[in-house]
Amino acid sequence: MSTQSLDCWIDVMHKYTDSYLWVKETNKFATNNLLDYFKSKSIDLSRIVFAKRENLYKDHLARYKKGDLLLDTFLYNGHTTTIEALWSGLPVITLEGNSFASRVSASILKSIGLDKLISSSKVSSSFLTSLDTLLSSIFVAILLHFLLFNNKSGSNSNSHLGQIIGFLLKS
C-alpha cells in the first residue's frame with residue numbers, strides 16, 4: 001500500500017467527514033504504521049476499521065455488502081478483491097496505472113462497461129472528481145430505483161421523475 005493511495009484515501013476522509021475506512025488487518029506492525037500515518041494526517045482513528053481474516057469464504061464475501069464503495073490501491077490494484085467486490089454489488093473506483101498490476105481493476109471495470117469508475121490521474125483532485133461523479137451516479141440510481149420500483153403508496157410519484165432528473169443534470 002503506497003503513501004499515494006493513503007493520501008488519496010485521507011483526502012476522501014477529509015472531504016466526506018462521515019466516512020470510514022475499512023482495511024484488511026494483516027499484522028500488528030502494519031496496523032500500527034497505518035494508524036500512525038492516519039493520525040499524522042489528522043484523521044480520527046475511530047474512523048479506521050480493521051477487518052480480521054474470515055475462516056469461511058461466504059463470510060468474507062458477505063462483508064462486502066456492508067461497504068458503500070471500494071477505493072482501490074494504486075501501483076498494485078485489487079485483483080481478486082475487485083472481482084469479489086463487484087460480484088457482491090460493491091462499486092470499485094480505481095486509478096489506471098502503467099504496469100500490469102496497476103491496470104487490472106481498470107481492465108475488469110472496462111470489461112463490464114464501468115469505465116466511469118476509473119480515474120485517469122494520480123492527482124488527488126482527479127480521484128476526488130471521479131469519486132464525486134460516482135457518488136452522484138449512485139445517488140441518481142438509488143433515486144430512480146426508489147421512484148420506479150419501490151412506490152408502494154399507489155401514488156404516481158413517477159410523474160415528477162422528469163423534473164427530478166432535470167434538476168440533477170443541472171447541478
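Structure notes:
- Evaluation of Thr129 against (1) outside any helix (DSSP H, G or I); (2) open to solvent by 70 Å² or more (accessible area, probe 1.4 Å); (3) at pLDDT below 85 (one fails), failing number: (1)
- Selection status of Leu86, modelled with pLDDT of 85 or more and open to solvent by less than 80 Å² (accessible area, probe 1.4 Å): yes
- Single residue of Tyr57, Tyr64 found to be free of Cβ contacts under 8 Å to residues at least 24 places away in the same chain, hydroxyl-bearing (Ser, Thr, Tyr) and closer than 16 Å to Thr81 by Cα: Tyr57
- Once segment 24-48 is narrowed to residues that are charged (D, E, K, R) and part of a helix (DSSP H, G or I), the residue that is surrounded by the fewest Cβ atoms within 10 Å (Cβ to Cβ) is Lys28.
- Lys24 vs. criteria over 28 Å from Leu114 (Cβ atoms) and modelled with pLDDT of 85 or more: no
- Top-ranked residue in segment 5-23 [being polar (S, T, N, Q) and more than 15 Å from Phe74 (Cα to Cα); ranked as surrounded by the most Cβ atoms within 10 Å (Cβ to Cβ)]: Ser19
- Segment 40-95: number of residues that are out of contact with any strand residue (DSSP E or B) (no Cβ under 7 Å at 6 or more places or on another chain), more than 18 Å from Asp115 (Cα to Cα) and of a type in the set (A, V, I, L, M): 6
- Hey, Gly97 within 16 Å of the chain's Cα centre (by Cα), at negative phi, at pLDDT below 90 and outside any helix (DSSP H, G or I) or not: no
The values are calculated or read from the model by the stated rules, or taken from the named source; none is laboratory data. Here the structure is a predicted model, which is why all the values come from computation and not from measurement. A quick note on method: Cβ atoms are made from the backbone with ideal geometry, for glycine too, and the neighbour counts reach across all protein chains shown. In case anyone asks, the SASA skips ligands and DNA or RNA and just uses the protein heavy atoms, side chains included. Shrake-Rupley method; radii C 1.70, N 1.55, O 1.52, S 1.80 Å.
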